[in-house]
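The values are calculated or read from the model by the stated rules, or taken from the named source; none is laboratory data. Because the structure is a prediction, the values reported are computed rather than measured. Reconstructed Cβ throughout: ideal geometry from the backbone, glycine too, with neighbour counts over all protein chains shown.
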Amino acid sequence: PVSRPTSYHKNRMESRRHSYFAAASMRRTNGRQSENGLNLTRPRLTAIVKFVSSLWLPSTKTALRLIVAASRRSCALAFNTVVQWGRKSVWQRDTHALNRALRRPCLLNAAAALMLGSLLLTGCGGPATSSAPSSETVVVTVFAAASLTDVFQEAAGSFSRSSHTGNVEFNFAGSQQLAGQLREGARADVFASADEMQMQAAVDAGRIEMKSVKTFACNRLMIGNGLGVTGGSDAAPGLESLLKLAQPGHKIVVGAEAVPIGQYTRQFLANAEQDDRFGPEFRAGFEANIVSQEQNVRGILSKLQLGEADAGVVYASDLVGNTELQSMEIPAHLNVSAVYPIALTQDSRQPEQATTFVTFLFSEEGTAVLESHGFSTGCRGEGSRRGIDVAAAEASDHAND
């Protein structure tokens, strides 16, 4: 056999002695506390798991479950061996013993510990400068009537390009649906309705303060024609085409009675009923030709574009730039002014940014966007409540009947 120097055997014995005492020390602690200076006991790790799990962070929960495994006696012994190995001088270190102690599972748990520390610093109490939301991530939630879809999307683009901070997210639907969502507690920063009645419903629900309501635009009614009906550009041909809609054989789609476009349509029919040229026969024939009542104006446009109806009552703004449908004017003395109010919710989470967006709609640039889509802005500041008064009167008449 090859003879080895005495110093070699001395070093081997010294390394084994240190490893023995390290293992004995860990057996005495019975795994209650690791000797790596971190003081990560199993109860404390369990408490951290419960606390961070309450934050509903799946990645953090996974990392914490992994690091709990690091408190096992086998890995605690491995960590202790690393510490002891580092404290020795170079000639005392036993690399083979260290490699045997640091088994693969313990290395994975050590990696999990590093990931846990990173998650805790970045997502659970790190520096305020990294966790505080910046102005670039502010999101303003706007509940807007379906008839505002195109114009508000363009306005949001202009708003963002005009060096305004924050993003705008929309929830487009029928005004009555949006008012119902607000009544049920849905979170929103701004509510833009297609009539004053639904805005009043949000005020009655306590979500909107009445003094903050402003009229930002107005609209008017128009008949959208499919390919089966043609209108005229002159007043007389257009009037004749309108009268023909009351004749049998036409298919007409309108808004449901509860939605703003439906309320405005019935007001138009009430006006026509009082006109000598139209009279009650026109209203009766028009209503007899109704084949569908939609929950918002987008549903009416969809029916017309699919060819499921010959004509439908929509807003003038809906036909601006629409090459798939023809338009038919409603005489001014029969038409209705649709008022669009807007207001911030009382519990808005982003009141400053929401106010900035509303202010933009009243600016010169915002006004230009509205008018380019067929809306009128001359009604601003009037605070007209004719739509509410008429609808309330009709509701009273139905109740009396």
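Some observations on this one:
- Counting the residues of region 150-193 that are among the hydroxyl-bearing types (Ser, Thr, Tyr), assigned to a loop (DSSP other than H, G, I, E, B) and surrounded by fewer than 17 Cβ atoms within 10 Å (Cβ to Cβ) gives 3.
- Number of the condition not met by residue 317 [criteria: (1) small (Gly, Ala, Ser); (2) over 24 Å from residue 143 (Cβ atoms); (3) in contact with a His (Cβ under 6 Å, 6 or more places away or on another chain)]: (2)
- Test: residue 224 is at pLDDT below 95, in a strand (DSSP E or B) and of a type in the set (Gly, Ala, Ser): yes
- Where strands (runs of 3 or more DSSP E) sit wholly within region 260-345, those with at least 2 residues that are within 32 Å of the chain's Cα centre (by Cα), aliphatic (A, V, I, L, M) and within 20 Å of residue 150 (Cα to Cα) occupy 311-315, 337-344.
- Candidates 308, 329 - the one that is modelled with pLDDT under 95, surrounded by 16 or more Cβ atoms within 10 Å (Cβ to Cβ) and of a type in the set (D, E, K, R): 329
- Positions within region 287-303 being crowded, with 19+ Cβ neighbours inside 10 Å and touching an Asp or Glu at 6+ places or on another chain (Cβ under 8 Å), in sequence order: 297, 300, 301, 303
- In the set (1) in contact (Cβ under 8 Å) with a residue 40 or more places away in the chain; (2) buried (at least 21 other Cβ atoms within 10 Å of the Cβ); (3) not β-branched (Val, Ile, Thr), residue 262 fails one condition alone, (1).
- Meets criteria (of a type in the set (A, V, I, L, M, F, W, C), in contact with a strand residue (DSSP E or B) (Cβ under 9 Å, 6 or more places away or on another chain) and surrounded by fewer than 20 Cβ atoms within 10 Å (Cβ to Cβ)) for residue 284: no
- Scanning region 133-149 for residues that are at pLDDT 90 or above and more than 11 Å from residue 169 (Cβ to Cβ), we see that the one that is surrounded by the most Cβ atoms within 10 Å (Cβ to Cβ) is 145.
- From the list 382, 352, 371, 324, the lone residue that is surrounded by fewer than 20 Cβ atoms within 10 Å (Cβ to Cβ) and either modelled with pLDDT of 95 or more or of a type in the set (Phe, Trp, Tyr) (or both) is 371.
- Long-range neighbours under 6 Å by Cβ, at least six apart or interchain, first residue within 20 Å of residue 184 (Cα to Cα) and of a type in the set (S, T, N, Q) within region 140-152, second buried (at least 22 other Cβ atoms within 10 Å of the Cβ) and modelled with pLDDT of 95 or more: 141/188; 141/189
- Residue in region 174-197 that is hydroxyl-bearing (Ser, Thr, Tyr) and farther than 19 Å from residue 256 by Cβ present: no
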